[in-house]
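Novice: Questions regarding the structure given below will be posed in turn.
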Amino acid sequence: MGLTGLQIFKLLPKTNCKECGFPTCLAFAMSLASGKANLSQCPYVSDEAKQALEEATAPPMRLIKIGAGEKVLEIGDEQVLFRHDKTFYHPTGIFIEVSDNLSEDELKAKVDEINELVFERVGERYEVDGVAIKNDSGNADTFKKAVETVAGKTDKVLILLTEDPAVMEAAASVVADRKPLLYAATGDNYEQMVEVAKKFQAPLAVRGKNLSDLADLVEKIVGLGYRELVLDSGERQTSKVLADLTQIRRQAIKKRFRPFGYPTITFTTEEDPMKEALQAQVYVSKYGSIVVMKNTSKPALLTLFTWRRNVYTDPQKPIAVQPGIYAIGDVTPDSPVYITTNFSLTFYTVQTEIEATRIPSYLIAFDTDGLSVLTAWAGGKFIGEEIGPWLKESEINQKVNHRKIIIPGGVAAIKGKLEELSGWEVIVGPREASGITAFAKMRLGA
Amino acid sequence: MPVEIFKEKYTGKVQEVVLGATKEEGGTRAYTVKLGGSSALPFLQFEGESARPVIAMEVWDIKPNWHECFEPYIGDVWEDPVAWAQKLEQEYGAEVIYLTLKGADPERENPKSADDCAKLVKKILENTKAPLMVEGCGNYEKDNEVLQAVAEAAAGENIALGMAEKDNYRSIAAACMMGKHCIIARSPVDINIMKQLNIMILDMGVPADKIINDPLASGLGYGIEYSYSIMERARYGALVGDKMMAFPIVCLAGQEAWRAKEAVAPDDAGPGWGDQKTRGIMWEAMTAAALIQGGADIVLLRHPEAAKLIKEHIEDLMVPNTY
Ligand code: SF4
């Protein structure tokens, strides 16, 4: 949403001196607009023009990086309110909070537990993004020690939670190279907190008492020359946080309200791990860039991570596998032949279930542009008229010596047309992939 | 400097559909429930009304083939649909009873007749207070017969009947009109088919305040994001004035969630999976919570613990957030 070439041109000196390497100011302006040139190439541009251009070309929401080296969490830089308008880019960072009131051994045990929160499903791996260490003790040395202990036990991204700038400075100094997020600058401490953040070049969370207070505070901090910020409206009740997060995102994107052009941080309040995961779900769904949680219940977190994965999937790309014939196990010319769509989730689910039957089989991923079985069927992409002619000519005819194909039970209706057009016998399989084992037992003698 | 609150100005709203009928309205329900009616995006009360999502719970007419973790909760009643329905409304907080007539499926041994189904519906109505939704067995031929009998038996009660799809909606719409019931119109995760089906059902003469849409929502981890986005688009469409996207949405969250391997696999079946019971309940609750966030007006739940979690979650989301 930057400026057009012409708008940029109006801000240039219009002397055509060529020092930028372009024949005219206009040529330079056009290249700037398309991102192929850099403003610094023109030595004569006025400060005023510079500022206007920077403002206009900055993204509506700033990208903030927390952490260093291999473990960097990128948040912000979102462009839409609804994923169907484009996509959400930077998945919500999920953090677990620990208290500096814990003894060193307790703290180590807790961090071990957090390190072990690794989840695997459908060939994907999810893990907790980081640890938030809270200065409950009120003591600077205790906090510093706790931060050291945690940092020594994990390479995950860190958040330091204290409102005392001196305590923050002491603790941040031991993990400065990790670029932790410093939480938080408030109306009472922001000047000193900004100094600490500047000193360590660490991102800084800003907590207001409400949206207006937050906007004021951000402007003051930006006035001090610091822009690596993460926002917290201070609200903690679920529906009110939802409202605040929506306001922050909307104002940043639709109104380009600069004070809200940063990612956000949220905190759960529910004690029960199941309720906590549902509360966190709201923030993952609606515009929370970070959620800090307390519980470490695996089943609860597994569902939360799965939801995050789902909501941050790019809706513009159907997740498809390469259409074609896949061999599962040591296939022979007698092996059964299954067919499903090339929607990856359907394909992998069916593949896993076929593997579980322990009967070497062929699985055809039919090209449905990545649509699932029922959707593809309803859209005329997984019907006898489409599959029949393909099957008749397919290489599978050379691979097996029978002519029997197993189709998903949900599309039993395509049997007649498919048989007519392919010359194959159609066996109606189970409606659900989970029924394949039982089906194979009954029909294929597994 | 006070921040000016950004409120979208919408011209449309979600169609309001009332389910059930009290004595004064010609039925016998103790109360009715209102589905839809929202004039804002889900839970954004600062810019309009956001209707409270309703919790329906599932009863089958035959013993369900559900995971054993349901046994301690409904094992004593799952062979008696009437007692089951009573337990759901009395102990587990079901606001609506959702009966699925699986037993009528002609592919089963001794399938139940249309008459059996009608009698069961009558008996459930006589012994419960909550509004009722009834889904057929899924066999179009049989459902024509079954749902018509059910519609007659439940005349005056303003129940909901489904599933009306592109290829069978006529007979179900006729049964609904005859008994003055609501219709559940299903489209397979496709906003255009959903709109077409609504148009065809309206053309049949079903009043707009009797139509509920089922977008065939997927479960967590298995395509739920498609459903979520379709529902977000439909809600936004409704608010900007597209009446064919404006019908209240039912999501069959429980049955979708419990299909997932993650819900039923034994303890520690995969890395990070933890115990089955919590995982299964959470899989269902997370599915429902996400769909509610996407704009579901009524969610169908299975596990009483999931229903309890969702009820409390909805309370939290309904806390006023006007500025
Ligand atoms: S250097 Fe600046 S003033 Fe000279 S031609 Fe390029 S844009 Fe124009």
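Novice: Rounded to the nearest 5, what % of the DSSP beta bridges within chain B are antiparallel ones?
Specialist: Close to 10 percent.
Novice: How much of the DSSP beta bridge set in chain A is antiparallel, as a percent to the nearest 5?
Specialist: Restricted to chain A, the bridges split so that about 30 percent are antiparallel.
Novice: Within the stretch A:6-84, which GluC sites (Glu not before Pro) sit in a loop by DSSP and count at most 10 neighbouring Cβ atoms inside 10 Å?
Specialist: Working: sites: A:Glu19, A:Glu48, A:Glu54, A:Glu55, A:Glu70, A:Glu74, A:Glu78; in loops: A:Glu19, A:Glu70, A:Glu78.
Of the GluC sites (Glu not before Pro), the ones in loops of the stretch A:6-84 whose Cβ has at most 10 other Cβ atoms within 10 Å are A:Glu70.
Novice: Local charge sum around A:Arg62 (other residues, Cβ-Cβ under 15 Å, Lys/Arg +1, Asp/Glu -1)?
Specialist: Values: positive: A:Lys65, A:Arg227, A:Arg249, A:Arg256, A:Arg258; negative: A:Glu54, A:Glu55, A:Glu74, A:Asp77, A:Glu78, A:Glu219, A:Glu228.
Every neighbour counted, the sum reads -2.
Novice: So if I place +1 on the C-beta of Lys and Arg and -1 on the C-beta of Asp and Glu, and nothing else carries charge, what would the dipole magnitude of the protein assembly as shown be about its Cα centre? I want it in debye, nearest 20.
Specialist: Charge dipole of the protein assembly as shown: 1880 debye, to the nearest 20.
Novice: Hey, what angle do you get for helix A:165-174 against the long axis of chain A, alpha-carbon based, 0 to 90 degrees rounded to 10?
Specialist: Once rounded, the angle reads 60 degrees.
Novice: Taking R0 as 30 Å, what FRET efficiency do you get between B:Lys311 and B:Ser39 from their Cβ-Cβ distance, rounded to the nearest 0.05?
Specialist: According to the calculation, E is roughly 0.80.
Novice: Write out the GluC sites (Glu not before Pro) in the stretch A:139-170 meeting two conditions: DSSP loop, and at most 16 other Cβ atoms within 10 Å of their Cβ.
Specialist: In loop regions of the stretch A:139-170 (DSSP not H, G, I, E or B), the sparsely surrounded GluC sites (Glu not before Pro) are A:Glu163.
Novice: So which residue, out of A:Asn342, A:Asn401, A:Asn139, gets the largest mean-square fluctuation from a GNM of chain A using Cα contacts under 10 Å as springs?
Specialist: With Cα springs under 10 Å in chain A, the top fluctuation among A:Asn342, A:Asn401, A:Asn139 is at A:Asn401.
Novice: So, one more: Convert each backbone phi in the stretch A:386-397 into a coupling constant with the Karplus relation 6.51 cos²θ - 1.76 cosθ + 1.60 (shift: θ = phi - 60°), then list the ³J(HN,Hα) values in order as whole Hz, x for Gly and Pro.
Specialist: 8, 6, x, x, 5, 4, 4, 9, 5, 4, 4, 4
Novice: Still on this structure: Rounded to two decimals, what ratio of Rg to Rh does the protein assembly as shown give with C-alpha atoms and a Kirkwood Rh? Intermediate results must be reported in sequence, preceding the final value.
Specialist: Details: Rg = 29.0 Å, Rh = 28.6 Å.
When Rh is taken as the Kirkwood radius, the ratio is 1.01.
Novice: Once every DSSP H run of n ≥ 4 in chain A is given -39500 (n - 2.57) and the sum is divided by its residues, what mean residue ellipticity at 222 nm do you get, rounded to the nearest 500 deg cm²/dmol?
Specialist: So the helix-based figure for chain A works out to -12000 deg cm²/dmol.
Novice: Continuing with the same structure: What 222 nm value per residue comes from the helices of chain B, counting each DSSP H run with n ≥ 4 as -39,500 (n - 2.57) and dividing by all residues, nearest 500 deg cm²/dmol?
Specialist: -12000 deg cm²/dmol
Novice: Helix A:140-153 versus the longest principal axis of chain A: what angle, 0 to 90°, nearest 10, using Cα atoms?
Specialist: Between helix and principal axis, roughly 30 degrees.
Novice: Okay, moving on. Quick check for you: which residues of the stretch A:215-250 have the amide N under 20 Å from the point 7 Å beyond the Cα of A:Glu55 toward its beta carbon?
Specialist: The answer is A:215-229, whose backbone nitrogens lie closer than 20 Å to the label point.
Novice: Cα axis of helix A:273-285 to longest principal axis of chain A: angle in degrees, 0 to 90, nearest 10?
Specialist: Helix A:273-285 sits at roughly 80 degrees to that axis.
Novice: Rounded to the nearest 5, what is the percent of antiparallel bridges among the DSSP beta bridges in the protein assembly as shown? Could the numbers behind the result be given before it?
Specialist: Working: 19 of 84 bridges.
Counting DSSP beta bridges with both partners in the protein assembly as shown, the antiparallel share is about 25 percent.
Novice: Find, among the trypsin sites (Lys or Arg not before Pro) in the stretch B:91-139, those assigned to loop by DSSP (not H, G, I, E, B) with at most 16 other beta-carbon atoms within 10 angstrom.
Specialist: Passing sites in the stretch B:91-139 are B:Arg108, B:Lys129.
Novice: How much net charge surrounds B:Lys87 when only the other residues with a Cβ under 10 Å from the Cβ of B:Lys87 are counted, with Lys and Arg +1 and Asp and Glu -1?
Specialist: For residues surrounding B:Lys87, the net value is -4.
Novice: Further question on the same structure: With the crude spin-label approximation of a point 7 Å out along Cα→Cβ, what separation in nm comes out for B:Phe70 versus A:Lys86?
Specialist: 4.4
Novice: By how many nm would the segment from A:Glu104 to A:Leu63 grow when fully extended, if each residue of separation counts as 0.36 nm and the alpha-carbon distance is taken off?
Specialist: Full extension of this stretch gives 11.3 nm more.
Values quoted throughout were computed directly from the atomic coordinates according to the rules given, and no laboratory measurement underlies them. Keep in mind it's a predicted model, so treat the numbers as computed, not measured. Glycine gets a Cβ as well: all are built from the backbone with ideal geometry, and neighbour counts include every protein chain shown.
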